[in-house]
Amino acid sequence: MENTNAAKMAERYCALGIGISYLLLGLAGFIPALVSVPGTDVSYIPLNESPTAYAAGFGYIFGLFPTNFLHNIVRCGVGLWGISSFLSASSSRIFNRGFAIAYIVLAIMGLLPFAKTFFGFMPLFGNDVWVNFLAAIAALYYGIIIPAKVEGVSVAQRS
């Protein structure tokens, strides 16, 4: 029983940690002083330089993570979902499993030349690949592997 409760709390804290991280990263993308235009030291995006949806707000958060306005909204939404899923073990398990699957796919897409801009909607390349992959691995571990170990079944036997 003690292991079960500890595993559930670990799952919940994983969802909370991912949620806070992605919410902060998404909010940072909306702060012009934290987003730099590629190839310059300019820390703001001029409005007349954003003619397409992809280019709207395009830049690098902290000079490291490529982003645009849509990507910031997605990060904030994922972050809020992760934070709200902390309220129960079942919702955090659903979040961790969904996040793991979705973000492993996004990390792979970021490596493919034809999909690294999410088909023209948001950037998935550069440092986003490894951040998405590492967060997805953590969610996979706490959402699938740990619950299987606690229940005493192999991951392959889980439905």
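The values are calculated or read from the model by the stated rules, or taken from the named source; none is laboratory data. Since we're looking at a predicted model, the values are computed, not measured. Positions of Cβ are generated from backbone atoms using ideal geometry, with glycine treated the same way; all protein chains shown enter the neighbour counts. We work out accessible area using only protein heavy atoms, side chains counted, and drop any ligands, DNA or RNA first. Shrake-Rupley method; radii C 1.70, N 1.55, O 1.52, S 1.80 Å.
About the centre of its Cα atoms, the chain shows a dipole size close to 420 debye [charges on the beta carbon of Lys, Arg (+1) and Asp, Glu (-1) only; nearest 20 debye].
Report note on the peptides 92-103, 113-124, 4-15: ranked by the mean count of other C-beta atoms within 10 Å, highest first, their order is 92-103, 4-15, 113-124. Computed in the context of the full set of protein chains, the accessible area of the chain at 1.4 Å probe radius has 72% of its extent on carbon or sulfur.
Note on residue 150 and residue 115: their simple-model spin labels are 3.2 nm apart, each label 7 Å out from Cα toward Cβ. For the chain, the solvent-accessible area of protein heavy atoms averages 54 Å² per residue (probe radius 1.4 Å; ligands and nucleic acids excluded).
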